[in-house]
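Note sheet for the following structure.
Only the coordinates and a few stated rules stand behind these numbers; no lab work does. Computed from a predicted model, the values in this text were never measured in an experiment. Every residue, glycine as well, gets a Cβ built from its backbone with ideal geometry; the counts of neighbours run over all protein chains shown.
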Amino acid sequence: MTETAMTAGWYPDPTGHYEHRYWDGATWTDHVATSGVSAVDPPTMGAGPQAAWTASAGAPGAGAPRDRANPIFAFLGLASGVFLMVGSFLPWATLDFPGVPGDSSGGMNHDGPFTLVLGIAIGVVALLVGLAVVPRWGGWIVAGVGGIAAVLSIADAADFESNDYLNVGFGLWLCIVAGVLAAVFGVLAAVLRQPRAHPSAG
């Protein structure tokens, strides 16, 4: 790669502080942008054209933009974790016996403490992923924990359904749906990067 091969334009910021930095054909400029928001920040590295090209190409050791997940799906995963926590306290089973007034049993009398902990874990990790404190791979953690919560809740629902006098309560249904959604949104957060705006030349 020759030094003249790098034409003027926006490239990944070699300092790693922003998404893009403008290369004027000879050197890095002060013009930077992240998520379409422009700013001015002098480059802190000494880089000639060849070194600048290597950095912008993402060579090992060069600063690179953070591998951020799509925050929309990360925050949807956070919402799923909150719903899982709420469902852990709601009725999981209702009594269905002829001549006997219906009664309900809350999640804390069953596996609710486990789904509560799983919901907290989903919420914390999804929040960190959405804020870019944790890179995209955190989405796989959200997906895995959500899958565990869904399987655990489905197993409890199947156990209640096998009893002729018990019906699945809406709290358990909420846990099932929340676990499945957390798994789906976690995968999407892990697979899809944050959309990058293409700033105009400044």
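Observations on the structure shown:
- Added length on full extension, which subtracts the Cα-Cα distance from 0.36 nm per residue, Val177 to Leu192: 3.2 nm
- Under 18 Å from the Val82 label point (7 Å along Cα→beta-carbon), backbone N, region 108-130: 116-130
- Label point 7 Å beyond Cα of Phe89 along Cβ direction - residues of region 131-171 with amide nitrogen under 17 Å: 170-171
- Sorting Glu19, Glu161 from the fewest to the most surrounding beta carbons within 10 angstrom yields Glu161, Glu19.
- Listed from fewest to most Cβ neighbours within 10 Å, the set Trp92, Trp173, Trp23 follows the order Trp173, Trp23, Trp92.
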